[in-house]
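**Q** Below is one structure. I have some questions about it.
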């Protein structure tokens, strides 16, 4: 197996991540091409073939490959290059400076979401190539644009059709790897195997318009909407157990009983800080977000609406969601429901795969106190596009050991985002091992 000392990895990962952090790829507008070009130059230095693929020349994706012999499975390492915008005045260190402090933390927008992962996966590719790695199946590296917003469809959703050859048997992306210490002393490391689907719905209360100076002569749709939203807030969707979440629950508490609510309470007690995250994996969530009422202050509206951000479990259809919403809303207040778009997400990968086994093997050897915990994400990652288009067994994991949990999570889409350089080393060693175990 090709191996490298930690010091070699540390210096290379720090340099590449620092360069990436200094490129402002805030999305919108994105402008990811300079980051893709940086990664292309870096990989070229290791003799790796690559190509910039762009629907918009300012927003290129990078596709790179170490060719395999053709007698083994294929693997794609993913990492998006865009980041969410940063409000610079509130940062301890400027968000696009790539500052390395004396304590070993690299600061900058994207340090944890997810230029850290993109950099270490590129370093993994380069180190393997320099070591003469000859995989049995193709090893791909994709640095995609437009993950954070996705509206322009210049990233992986577009790229998978433009370059279908990146479709692989397995892929690794973001979404897991943060150690969780349970109240019973056990250590869990989540590995993302899927995600819920987003399924937005417009709820419109129907009343009768009138002049605001005579409210009694109208039937204010805003007040009707307030009644409906209060019901949404009180409603508790029915919890359901899927094959993917059964494994999660069994890993946490062992054998399951005949009362799912009781089992979930046992599991939630093991890590009270993640209680809400856990419970959201077993039911629909419904969150009112944007409101619409009258177009004029002196007009009582006959219609008032709220957009509901609904996240549903894999396999849930729009019709299923509408039935659930009608149960929550009742039938004594006039309203209309409109599903605003088709579900996005809602895919999951199987667990009985060689990639899951390789990840488990690394943890057994290097962090034997930790257990892999398969989870479904409440959010969304680009892994969905690989599962949906190619049937890829796509997981999300990037091991973190040194960066404290609160520091890691507090930086997501927030000020003072930072990562400890020891975790760059750890994650690169993880990828070197898993890649070689899987396709070496």
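None of the figures in this text is laboratory data; all of them are computed from the coordinates on show. Remember, predicted model here, so these are calculated numbers, not experimental data.
**Q** For helix 33-44, what angle does its Cα long axis make with the longest principal axis of the chain, in degrees from 0 to 90 and rounded to 10?
**A** Relative to the chain, helix 33-44 is tipped by roughly 20 degrees.
**Q** Over all alpha-carbon pairs of segment 330-440, lay out the pair-distance distribution in 10 Å bins, whole %, shortest bin first.
**A** 11, 31, 32, 14, 7, 4, 0
**Q** Tell me the mean residue ellipticity at 222 nm calculated for the chain from its helices only (DSSP H runs of n ≥ 4, each -39500 (n - 2.57), averaged over every residue, nearest 500).
**A** So the helix-based figure for the chain works out to -10500 deg cm²/dmol.
**Q** From zero up to wherever the largest Cα-Cα distance of segment 151-282 sits, split into 10 Å bins and tell me the percent of pairs in each.
**A** So the P(r) values, bin by bin, are 9, 25, 22, 21, 15, 8, 1.
**Q** Provide, as a two-decimal number, the C-alpha radius of gyration of segment 214-263 over 2.2 N^0.38 Å, N being how many residues it has.
**A** After normalising by residue count via 2.2 N^0.38 Å, the value is 2.10.
**Q** Between helix 421-439 and the chain, what is the angle of the helix's C-alpha long axis to the longest principal axis, kept within 0 to 90° and rounded to the nearest 10?
**A** Taking the Cα atoms of the chain, the angle to 421-439 is about 80 degrees.
**Q** Calculate the tail of P(r) for segment 7-152: the fraction of all Cα-Cα distances greater than 28 Å, expressed in %.
**A** Taking all Cα-Cα pairs of segment 7-152, the fraction more than 28 Å apart is 20 percent.
**Q** Computed on alpha carbon atoms, what radius of gyration and Dmax characterise the chain, expressed in Å?
**A** 23.7, 81
**Q** Additional query: From the convex hull of the Cα coordinates of segment 1-75, what is the mean projected area in square nanometres?
**A** If you wrap the Cα atoms of segment 1-75 in a convex hull and average its projections, you get 6.8 nm².
**Q** Can I ask one more? Using only Cα positions of segment 89-236, each an equal point scatterer, no hydration layer, compute I(q)/I(0) via Debye at q = 0.14, 0.16, 0.17 Å⁻¹ and quote the log10 values to two decimals.
**A** Taking Cα atoms of segment 89-236 as identical point scatterers yields -1.02, -1.15, -1.21.
**Q** Now a separate question. If you fit an axis through the alpha-carbon atoms of helix 318-329 and take the longest principal axis of the Cα set of the chain, what angle between them do you get, 0 to 90°, nearest 10?
**A** 50
**Q** Still on this structure, please answer the following. Using all alpha carbons of segment 93-170, what is the percent of pairwise distances in each 5 Å bin, ordered from the shortest bin to the longest?
**A** 3, 12, 15, 18, 19, 14, 11, 6, 1
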